[in-house]
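*Asks:* What follows is a single structure, and I will ask about it in a moment.
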Amino acid sequence: MSQLEALVASHLSDRRRSLLSWGLPLGLMSAFIVAIYPSIESALTKAVQGYPTGLKEAFDVGQLENVEQYLQAEMLSLIVPLALGYLAVRAIASGLAGAAESGRLDVLLSAPLARWRLVAAGFVASAIELAAVLLLTAVLTLLGSAVADAGLSAGHAAAGFAEVWPLALLFAGFGVVACGFTLRTTIVTGAGAGVLVVMYVIDLIGKLDPSVSGIRYISVFKYYGNAIEDGINWLAFAGITAAAIVLVVVGAWLFERRDIDA
Amino acid sequence: MAVIETDALTKRYGSARGIDCISFEVEPGEVFGFLGSNGAGKTTTIRTLLDLLHPTSGSARLFGLDSHRDSVAIRARLGNLPGDFGYGKETTGRQALALLARLRGVDGLGRAEELAARFHADLDRPLGQLSRGNRQKVGLIQATFHRPELLILDEPTGGLDPLMQEEFLALVGAERDRGCAVFFSSHELDEVERVCDRVAIIREGRLVAVERISDLLGKARRKVSVQLADPPALRALSTVAGVSGLELSGDRASFGFAGDIDPLVAALAGHHLLDLEVSRPTLEEVFLTYYQGDGPATADGGGG
């Protein structure tokens, strides 16, 4: 087993509980959303027709004519991306800054281990953790649909949840960069979560006010589409993933040059 | 070739002092004690050797390799026990050792198990549930299980009970016997005196002494107490070279003495001597002398 594999396995073992603590509540909530859809479908359609256009565009609720659109509006446009983005930052903060605070980094870096491997392992483990949480969420959602006969398409649901993965990875990348500047868990988490919220708000403002729509280009949410209906935009998927990797490379470079504070 | 060689190694934290122009050498198979009060710079020196901190100026070479550029190759050959061994509250010692073995390319935990038995270390409980002393045992095992050529130990016996401290000293002796150099910071001066060949004393970030323990103690002022049948003759002792702090009380004189003892013996030879006590200071007393400002200002560095 290579050093990278050993570190990734160790990270995943340490964070095994997050699969249940994040995937279970998100999955159950999502399952509930799709399960109640058949019973509220007609009332919902009428209600949405009365919503202001700007509001519908801002929260991707232009139409709620099928369960995929409802799942997009209720979960995939806001809750899941924000939750997974935050989880990604937490995973990195815990794996690097938390390890520095606990003294674990001192022990690991007494072994013949290059710092960049430590960073890479943290990022790869986060990517796997995020994929596992999304998979559990998607599976529970489909179970909810099957139980309530909501008719959710497995392929569409998979695309919708898969699209969240690169978005969340990008915030893992921001977390790595933050670790290049500080190894305080609270600061890394706060900085990463701050970027997440600011990007979301910028995108929202850009959607609500067409005169400032240009600011959306600096937010990753501009490139986060509606894969559950339109399918995955592979260019955006690859672009966001590449941006995340660039952030990790920058973060690893900074991490290589910084002192590991006691 | 020296196992550790530092040359004017300096680390500053902004304008704050860390360590300043630290120069010393540690030879293969040597047990080298590194003494200093809290905040003197011991841990900063160790973290700089390990490349956890990057020096502001100066350099450190371990096994002839640059401590920063060749850090990975260096760490393959050393074992390190941080001051307060921490790893993760929920991880067991066995899990931590298994990962470190994989990172070091060591097959199995055979020697780690032997050491665990020797130190009565519990490898199966989460580290967060262990006392500091029991965590420190796991730390000692992870530092030594791969048979390193250099052991760097920062306050290694903190929290160990006296029996385990003895086991630890025996382990240090065994490591030295197989050729391993040991660089070892400690507050336990009696154990340093027992196991170390040489010591360095660091004060406010600067080395103030690098000496063999026997030389350090030999050069230090001895305490002398003399009782003569002819008390007025005691006053003449103040003129003997090396005598300082002469105190007279009846027929007894007490004073400090440094240097060649022959002139003192000659001065006493013509008198009726009732009692004579000469005591060497402990390492602790010598250490305190350096910290009270009586010792030399700085060491000239160098190994030897």
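*Asks:* Which of (1) crowded, with 17+ Cβ neighbours inside 10 Å; (2) touching a strand residue (DSSP E or B) at 6+ places or on another chain (Cβ under 7 Å); (3) over 30 Å from residue B:73 (Cβ atoms) does residue B:125 not meet, given it meets every other one?
*Replies:* (1)
*Asks:* Can I ask one more? Of the residues A:169, A:208, which single one is over 17 Å from the mean Cα position of the chain (by Cα) and of a type in the set (A, V, I, L, M, F, W, C)?
*Replies:* A:208
*Asks:* Between B:73, B:60, which is within 19 Å of residue A:118 (Cα to Cα), assigned by TED's automatic domain parsing to the domain that holds residue B:156 and modelled with pLDDT of 95 or more?
*Replies:* So the residue among B:73, B:60 that is within 19 Å of residue A:118 (Cα to Cα), assigned by TED's automatic domain parsing to the domain that holds residue B:156 and modelled with pLDDT of 95 or more is B:73.
*Asks:* Separate question: Please tell me if residue B:118 is in contact with a helix residue (DSSP H, G or I) (Cβ under 9 Å, 6 or more places away or on another chain), in a helix (DSSP H, G or I) and more than 14 Å from chain A (Cβ to nearest Cβ).
*Replies:* Yes, satisfied.
*Asks:* Something else: If a residue has to be under 15 Å from residue B:87 (Cβ atoms) and of a type in the set (D, E, K, R) to count, how many in region A:1-23 make the cut?
*Replies:* The number of residues fulfilling the criteria is 1.
*Asks:* Determine whether region A:33-53 contains at least one residue that is touching a residue at least 60 places away in the same chain (Cβ under 8 Å), within 14 Å of chain B (Cβ to nearest Cβ) and either out of contact with any Gly (no Cβ under 7 Å at 6 or more places or on another chain) or not small (Gly, Ala, Ser) (or both).
*Replies:* Checking region A:33-53: not a single residue is touching a residue at least 60 places away in the same chain (Cβ under 8 Å), within 14 Å of chain B (Cβ to nearest Cβ) and either out of contact with any Gly (no Cβ under 7 Å at 6 or more places or on another chain) or not small (Gly, Ala, Ser) (or both).
*Asks:* Here's another thing I want to ask about it. Restricting attention to region A:124-140, does a residue exist that is within 14 Å of chain B (Cβ to nearest Cβ) and over 13 Å from the mean Cα position of the chain (by Cα)?
*Replies:* yes
*Asks:* Somewhere in region B:67-74, is a residue closer than 25 Å to residue B:31 by Cα and away from chain A (no Cβ under 12 Å)? Quick ask: steps written out before the conclusion?
*Replies:* Of the residues in region B:67-74, the ones closer than 25 Å to residue B:31 by Cα are B:67-68, B:70-74.
Retained after the next criterion (residues that are away from chain A (no Cβ under 12 Å)): B:67.
Yes, because at least one residue in region B:67-74 is closer than 25 Å to residue B:31 by Cα and away from chain A (no Cβ under 12 Å).
*Asks:* Which strands (runs of 3 or more DSSP E) sit wholly inside region B:155-218 and have at least 2 residues that are closer than 17 Å to residue B:281 by Cβ and in the same structural domain as residue B:46 (by TED's automatic domain parsing)?
*Replies:* Strands (runs of 3 or more DSSP E) meeting the threshold: B:198-203, B:206-212.
*Asks:* Turning to a different aspect of this structure: Here are some conditions: (1) surrounded by fewer than 23 Cβ atoms within 10 Å (Cβ to Cβ); (2) farther than 15 Å from residue B:210 by Cα. Residue B:3 meets all but one. Which one does it not meet?
*Replies:* Result: residue B:3 fails condition (1) only.
*Asks:* Does residue A:249 fit the bill of being assigned to a helix (DSSP H, G or I), free of Cβ contacts under 8 Å to residues at least 24 places away in the same chain, surrounded by 14 or more Cβ atoms within 10 Å (Cβ to Cβ) and more than 16 Å from the chain's Cα centre (by Cα)? If you could, list the steps in order and put the result at the bottom.
*Replies:* Details: assigned to a helix (DSSP H, G or I): yes; free of Cβ contacts under 8 Å to residues at least 24 places away in the same chain: yes; surrounded by 14 or more Cβ atoms within 10 Å (Cβ to Cβ): yes; more than 16 Å from the chain's Cα centre (by Cα): yes.
Spelling it out, residue A:249 is indeed assigned to a helix (DSSP H, G or I), free of Cβ contacts under 8 Å to residues at least 24 places away in the same chain, surrounded by 14 or more Cβ atoms within 10 Å (Cβ to Cβ) and more than 16 Å from the chain's Cα centre (by Cα).
*Asks:* Can residue B:115 be described as crowded, with 16+ Cβ neighbours inside 10 Å, within 17 Å of residue B:164 (Cβ to Cβ) and within 27 Å of the chain's Cα centre (by Cα)?
*Replies:* When the stated conditions are applied, residue B:115 passes them.
*Asks:* If you don't mind, there's one more thing I want to ask. Taking only pairs six or more apart or across chains, which ones have beta-carbon atoms under 9 Å, a first residue in region A:117-130 that is modelled with pLDDT of 95 or more, and a second residue that is aromatic (Phe, Trp, Tyr)?
*Replies:* A:118/A:255; A:119/A:255; A:127/A:165; A:129/A:22; A:130/A:165
Results for (1) within 14 Å of chain A (Cβ to nearest Cβ); (2) under 23 Å from residue B:171 (Cβ atoms); (3) touching a helix residue (DSSP H, G or I) at 6+ places or on another chain (Cβ under 7 Å); (4) not in a strand (DSSP E or B), shown as yes or no for each residue.
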position	(1), (2), (3), (4)
B:5	no, no, no, no
B:17	no, no, no, no
B:21	no, no, no, no
B:39	yes, no, no, yes
B:48	yes, no, no, yes
B:55	yes, no, yes, yes
B:58	no, no, no, no
B:85	yes, yes, yes, yes
B:99	yes, yes, yes, yes
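*Asks:* Further, regarding this structure: Do you know which residues across region A:245-257 are within 14 Å of chain B (Cβ to nearest Cβ) and in contact with a Gly (Cβ under 6 Å, 6 or more places away or on another chain)?
*Replies:* Those that are within 14 Å of chain B (Cβ to nearest Cβ) and in contact with a Gly (Cβ under 6 Å, 6 or more places away or on another chain): A:254, A:255.
*Asks:* Related question: Among (1) away from chain B (no Cβ under 14 Å); (2) out of contact with any Phe, Trp or Tyr (no Cβ under 7 Å at 6 or more places or on another chain); (3) modelled with pLDDT under 95, where does residue A:70 come up short?
*Replies:* (2)
*Asks:* Also, quick follow-up: At the interface with another protein chain (Cβ under 9 Å from one of its Cβ atoms) and touching a residue at least 40 places away in the same chain (Cβ under 8 Å): does that describe residue B:105?
*Replies:* Numbers: at the interface with another protein chain (Cβ under 9 Å from one of its Cβ atoms): yes; touching a residue at least 40 places away in the same chain (Cβ under 8 Å): no.
No, not satisfied.
*Asks:* Suppose the filter is among the hydroxyl-bearing types (Ser, Thr, Tyr), within 30 Å of residue A:2 (Cα to Cα) and surrounded by 16 or more Cβ atoms within 10 Å (Cβ to Cβ); does residue A:110 pass it?
*Replies:* Against the criterion (among the hydroxyl-bearing types (Ser, Thr, Tyr), within 30 Å of residue A:2 (Cα to Cα) and surrounded by 16 or more Cβ atoms within 10 Å (Cβ to Cβ)), residue A:110 qualifies.
*Asks:* Moving on. Does region B:125-147 contain at least one residue that is away from chain A (no Cβ under 11 Å), among the polar types (S, T, N, Q), closer than 19 Å to residue B:180 by Cα and touching a residue at least 60 places away in the same chain (Cβ under 8 Å)?
*Replies:* Yes, some residue in region B:125-147 is away from chain A (no Cβ under 11 Å), among the polar types (S, T, N, Q), closer than 19 Å to residue B:180 by Cα and touching a residue at least 60 places away in the same chain (Cβ under 8 Å).
*Asks:* If the requirement is being within 14 Å of chain B (Cβ to nearest Cβ), surrounded by fewer than 18 Cβ atoms within 10 Å (Cβ to Cβ) and either assigned to a helix (DSSP H, G or I) or out of contact with any Cys (no Cβ under 6 Å at 6 or more places or on another chain) (or both), which of these qualifies: A:94, A:13?
*Replies:* After applying the criteria, what remains is A:13.
The values are calculated or read from the model by the stated rules, or taken from the named source; none is laboratory data. Values in this document were obtained by computation on a predicted structure and should not be read as measured data. We place every Cβ from the backbone using ideal geometry, glycine too, and count neighbours over all the protein chains shown.
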